[in-house]
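See structure below.
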Amino acid sequence: MGVLVTPDVRYHASWIVGTAEFAGQHLDGAGVEHPDVPALMHPEAFAALVARLRADALEESPRPEGWVPATALWIVHDDEFVGFLQIRHRLTPFLLEEGGHIGYSIRPSARRRGHATEALRAALPIARALGIERVLVTCDEDNIGSRTVIERVGGVYEDSRNGKRRYWIDTA
C-alpha cells in the first residue's frame, strides 16, 4: 500500500510520469493548478517546486490572496509516486463550502488499489497534529470512488453544496 511522504526530488521521474497521467485534470491537491510538466522535467525547476510545496506548510510563507497554509504530501508505493494529498490548515469560506481540509488524487494507472483510502486514513493523525479536530473532505456528487474512500475512513455526510458532497471525519 502507498505511504505518505514529504515531497522530495528523488521522486522526480515517477512524479513526471504520474503527473502526465492527470493531463487535463485540476491538480489542487498537489498545490499546483496546471503544472508545466515539460519545464518541470529540468531538475532545477523540479527542486524549486518541491521547495515551494514544503514551504507552503509554513504560516509565514508567501501565498496567493485567500490561500491558506497547506501540508503537501505525496503518496508513494514501491518507491514510485502514485498520487498526492494536501491538508489545508484552516478553512476559508470557499473551502468550507466546496474544498475542505483535505484534497487528494491518485494517478489513473494506480487507482482502485486502496491507495486513496490508506492515504486519507494516514492523513488524519497529521491533521490532528496540526490542531484540526475534525476535517472536512469533499467530493463531486458523481465521484463514487472518492465517496467510497471517504465513507470507508469514517466520513459522516453532512450535505451537498454546489455539486460537492461534504463529509466530516474526526481526527482522533
**OP:** Using a Förster distance of 30 angstrom, determine the FRET efficiency expected from the C-beta separation of Arg134 and Asp8, and round it to 0.05.
**Re:** 0.50
**OP:** Rank Gly66, Gly83, Gly131 by mean-square fluctuation in a GNM of the chain with C-alpha springs under 10 angstrom and give only the top-ranked residue.
**Re:** Gly66
Original post:
For the Cα atoms of the chain, what angle does the longest principal axis make with the long axis of helix 43-55, in degrees from 0 to 90, nearest 10?
Top reply: 30
Original post:
If you average over every viewing direction, what projected area does the convex hull of the Cα atoms of segment 51-110 give, in nm²?
Top reply: 4.8
**OP:** With springs only between Cα atoms under 10 Å apart, run a GNM on the chain and tell me which of Ala110, Ala127, Ala119 wobbles the most.
**Re:** Ala110
Subject >> Ellipticity estimate at 222 nm from DSSP helix runs (n ≥ 4, -39,500 (n - 2.57)) divided over the chain, nearest 500 >> reply: -9000 deg cm²/dmol
Subject >> Relative exposure of Arg88, Arg112, judged by other C-beta atoms within 10 Å (fewest first) >> reply: Arg112, Arg88
**OP:** Treat the count of other C-beta atoms within 10 Å as a stand-in for reagent exposure and order Tyr104, Tyr11 from fewest to most.
**Re:** Tyr11, Tyr104
Original post:
Which residue, Thr19, Thr148, Thr138, tops the fluctuation ranking in a GNM of the chain built on C-alpha contacts under 10 Å?
Top reply: Thr148
Original post:
Modelled label-to-label distance, Glu141 and Ala20, 7 Å Cα→beta-carbon offset: nm?
Top reply: 3.7
Subject >> Dipole of segment 1-146, positive end: most advanced residue of Gly83, Ala123, Leu58 [Cβ charges, Cα centre] >> reply: Ala123
Original post:
Just how large is the dipole of segment 3-170 about the Cα centre, in debye to the nearest 20, putting +1 at every Lys and Arg Cβ and -1 at every Asp and Glu Cβ?
Top reply: 360
Original post:
Fewest first, what order do Thr6, Thr71, Thr171 take by the number of other Cβ atoms within 10 Å?
Top reply: Thr6, Thr171, Thr71
Original post:
Against the longest principal axis of the chain, how steep is helix 12-21, in degrees 0 to 90 to the nearest 10, with axes from Cα atoms?
Top reply: 60
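Tell me, Kirkwood radius of the chain from alpha-carbon pair distances, in Å? Walk me through the numbers on the way to the answer.
Details: mean 1/r = 0.0619 Å⁻¹.
Over the chain, the inverse of the mean reciprocal pair distance is 16.2 Å.
Taken together, the values in this text are just the output of simple stated rules run on the coordinates, not laboratory data. These figures come from a predicted structure and were not determined experimentally. Heads up, the Cβs are rebuilt from the backbone with ideal geometry, glycines too, and the neighbour counts pull from every protein chain shown.
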